[in-house]
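Read through the structure below, which is laid out as structure tokens, and then see the notes.
The values are calculated or read from the model by the stated rules, or taken from the named source; none is laboratory data. Here the structure is a predicted model, which is why all the values come from computation and not from measurement. All Cβ positions, even for glycine, are placed from backbone atoms using ideal geometry, and neighbour counts span all protein chains on display.
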Amino acid sequence: MFSQNPSSKQVLDEVVVSSTKINLPFSKNFRTIEIISSEQIAISTATNVSDLLQQTTGIDIRRRGTGGIQGDLYIRGGGFDQTLLLVDGMKMDNSQTGHHTLNMILPLHLIERIEIIKGPASRIFGQNAYAGAINIITKEVKGENGTTIYKPTELSFGSYSQKNLGLSLSIIREKVKNIISFTTNRSDGYRHNTDYINNNYFSKTSFKTKSSPVDLIASFSHRKFGANGFYASPSATEQYEETQASLLGISTVFKSEKLIIKPRLYWKRGQDEYIYIRDNPSVYRNLHKTNKISAELSGSYFTKLGITGFGIDLSTVNITSNNLGDHSRRTVNVFVDHTFEMFNKKLSLSPGIAISHFSDLSFHSFPGIDVGYHLSSNFKFYSNIGKTYRIPTYTDLYYSSKTTLGNENLNPEQATSTEFGFKYNSSNFNFSGVVFSRKSKNIIDYVKKNENDLWKASNIGSLNTRGYELDLSYSFLGKDFSSNTFSLGYSNLKDDNYVSNVNYSQYSLNSIKSHFISKLNINYKKIHLSTVFKYVKRADNSNYSVLDTKVSYKSFFVNVNNILDEVYSETNLVPMPARNLLLGYVFKVD
């Protein structure tokens, strides 16, 4: 599946960051953007996207159990409804709830890179990119003409009866290239009622035409899992859930000397069945079905005055639910952005604005500006400010259960975010730092005054968040001239001006306050060692340290997770697994 030897250090100045708006070289896009390459994925200790993202400074994945089966995605203390996930630029937002954001994540062997944009991204991607956005870029279909390749991609076994299998079929012809993938992950669970089965079906087809290539992507993920204490209270030990996430999208690119046009059309479907008592669904059962159809047209126009990005996307979403009811929403989003370069391209200014209309909420705008200055070829400063926005989900508005109530009178969240940062990049040493601030209004949280009260969705008032992040990485050659890397990352977050009458909060008050990550990758001949150490301190003063490692020899690997056997939970008092092991073999597919 992957080469076991990491490539040389990725030169970030040459990376092109894709968005629904425009493509800019990383060196000219003055925002806090991190790229996880396929080479970095290959040597990582992670076996799924959730675990991989946890190894990034400032990102909080609050997992419930193992295998990436269920978890919530947070960036810089923002809520799980405030981060947007994209696959090849297609927005995976879920109108039911952000709890399902990670349902669409793909197996690691299908991913070319992951682009992480921290800070206000609404001007780039529209609503839901409140605290940031993550874009998963799938691999191109490669191979010689006339070849048909069928092979496994991974086979592994581990603690708690973990069994993971991946299969891949590549068909390469002169005008059509296609890859079909099936991946299954399953486990009996590390404690009562935490068993799971996760099946993913994926296909990507590239058609070669006279004008422009056309890409067709299809994905289906089906998960079944015991949800012991995942939701409601920890005493709800018999919960069960099944989720489905479907994606069908088609896109192409038209290019001329001065103009790039990217049309894209896609359909995303979600289904969530929740059962309070697994063996007795009649006690309490929810079934939600969501659909989204989106048509987008974005482009870039190049002139002597700079680059103008523009676009429009139209979408319609609907939900059918025995709990939330039947609802629909139409959205129109238009945006324009222009990048000016001055003083021999040392100074860049990029003002822009996005305007959105929601059929059930009216108009909203997201203005912002990015500023960057190249002090030298290796050293640069940047700053940006922007307005960001999130509309309530249907769960926020209409959900009702024995423990939780929605609120039809909720107002949308809004914030003004700023950041100031610097980056130093050389061939073997990178160092960056950023300070950021987010002043939020109408924050939506599930809160209660007394312990025995129901959780109720509420606009809790204002919340000012500020913090800083530091990242350092160094690459060096071993005695056998192999490439080795060492990195450190630290983030610190502080919330204040929270309304004083909130005694209990489900989400906002338990963000990561201190986050330290160190990673070491060592190669010696055909042996590779990766270790990741994470220290987390949360708002409730709980703290924990987790050490993971991976040892590979050729294509064989051993993963040992939670080596320190730490007792900890990341959300809802769900205990995470003790020390556990995974043994396997990966097959190179490209």
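Quick one: which of 181, 212, 203, 251 is within 19 Å of residue 142 (Cα to Cα) and more than 22 Å from the chain's Cα centre (by Cα)? Write out each step before concluding.
Numbers: 181 fails: more than 22 Å from the chain's Cα centre (by Cα); 203 fails: more than 22 Å from the chain's Cα centre (by Cα); 251 fails: more than 22 Å from the chain's Cα centre (by Cα).
Unique residue meeting the criteria: 212.
Which one of 529, 573, 582, 547 is closer than 28 Å to residue 187 by Cα, out of contact with any Leu (no Cβ under 9 Å at 6 or more places or on another chain) and assigned to a strand (DSSP E or B)?
582
Here are 236, 232, 245: which of them is in contact with a helix residue (DSSP H, G or I) (Cβ under 7 Å, 6 or more places away or on another chain), under 30 Å from residue 282 (Cβ atoms) and not hydroxyl-bearing (Ser, Thr, Tyr)? Walk me through it before giving the result.
Numbers: 236 fails: in contact with a helix residue (DSSP H, G or I) (Cβ under 7 Å, 6 or more places away or on another chain); 232 fails: in contact with a helix residue (DSSP H, G or I) (Cβ under 7 Å, 6 or more places away or on another chain).
Every option except 245 fails the conditions.
Looking only at region 471-487, decide whether some residue is touching a residue at least 24 places away in the same chain (Cβ under 8 Å), in contact with a Lys or Arg (Cβ under 8 Å, 6 or more places away or on another chain), closer than 20 Å to residue 79 by Cβ and surrounded by 14 or more Cβ atoms within 10 Å (Cβ to Cβ).
Looking for residues that are touching a residue at least 24 places away in the same chain (Cβ under 8 Å), in contact with a Lys or Arg (Cβ under 8 Å, 6 or more places away or on another chain), closer than 20 Å to residue 79 by Cβ and surrounded by 14 or more Cβ atoms within 10 Å (Cβ to Cβ), one finds none in region 471-487, hence no.
Would you say residue 467 is within 25 Å of the chain's Cα centre (by Cα), surrounded by fewer than 17 Cβ atoms within 10 Å (Cβ to Cβ) and not charged (D, E, K, R)?
Values: within 25 Å of the chain's Cα centre (by Cα): yes; surrounded by fewer than 17 Cβ atoms within 10 Å (Cβ to Cβ): no; not charged (D, E, K, R): yes.
Taking the combined requirement at face value, the residue does not satisfy it.
Could you identify the single residue in 151, 142, 163 that is of a type in the set (Lys, Arg), touching a residue at least 12 places away in the same chain (Cβ under 8 Å) and assigned to a loop (DSSP other than H, G, I, E, B)? Don't jump to the end; show me each part of the working.
Values: 151 fails: assigned to a loop (DSSP other than H, G, I, E, B); 163 fails: assigned to a loop (DSSP other than H, G, I, E, B).
The unique qualifying residue is 142.
Confirm whether residue 117 is outside any loop (DSSP other than H, G, I, E, B) and under 30 Å from residue 399 (Cβ atoms).
Values: outside any loop (DSSP other than H, G, I, E, B): yes; under 30 Å from residue 399 (Cβ atoms): yes.
Taking the combined requirement at face value, the residue satisfies it.
Of 410, 349, which residue is part of a loop (DSSP other than H, G, I, E, B) and either of a type in the set (A, V, I, L, M, F, W, C) or modelled with pLDDT under 90 (or both)? Show your work before the answer.
Numbers: 349 fails: part of a loop (DSSP other than H, G, I, E, B).
On inspection, the qualifying residue turns out to be 410.
Confirm whether residue 106 is closer than 19 Å to residue 54 by Cβ and in a loop (DSSP other than H, G, I, E, B). Before the answer, list the steps.
Numbers: closer than 19 Å to residue 54 by Cβ: yes; in a loop (DSSP other than H, G, I, E, B): yes.
Criteria met by residue 106.
All but one of (1) polar (S, T, N, Q); (2) buried (at least 17 other Cβ atoms within 10 Å of the Cβ); (3) farther than 20 Å from residue 83 by Cα hold for residue 401; state the number of the condition that does not hold.
(2)
Out of 279, 188, 272, I need the residue that is in contact with a helix residue (DSSP H, G or I) (Cβ under 8 Å, 6 or more places away or on another chain), farther than 17 Å from residue 99 by Cβ and at pLDDT 95 or above. Which one?
Values: 279 fails: in contact with a helix residue (DSSP H, G or I) (Cβ under 8 Å, 6 or more places away or on another chain); 272 fails: farther than 17 Å from residue 99 by Cβ.
One residue alone meets the criteria, 188.
Being farther than 13 Å from residue 456 by Cβ and either touching a Lys or Arg at 6+ places or on another chain (Cβ under 9 Å) or among the hydroxyl-bearing types (Ser, Thr, Tyr) (or both) is the filter; apply it to region 388-398 and report the residue that is surrounded by the fewest Cβ atoms within 10 Å (Cβ to Cβ).
The qualifying residue surrounded by the fewest Cβ atoms within 10 Å (Cβ to Cβ) is 389.
Looking only at region 289-334, filter to residues that are under 30 Å from residue 237 (Cα atoms) and touching a His at 6+ places or on another chain (Cβ under 9 Å); which one of those is surrounded by the fewest Cβ atoms within 10 Å (Cβ to Cβ)?
322
Looking at 98, 146, which one is out of contact with any helix residue (DSSP H, G or I) (no Cβ under 6 Å at 6 or more places or on another chain) and buried (at least 20 other Cβ atoms within 10 Å of the Cβ)?
Numbers: 146 fails: buried (at least 20 other Cβ atoms within 10 Å of the Cβ).
Sole residue among the options that is out of contact with any helix residue (DSSP H, G or I) (no Cβ under 6 Å at 6 or more places or on another chain) and buried (at least 20 other Cβ atoms within 10 Å of the Cβ): 98.
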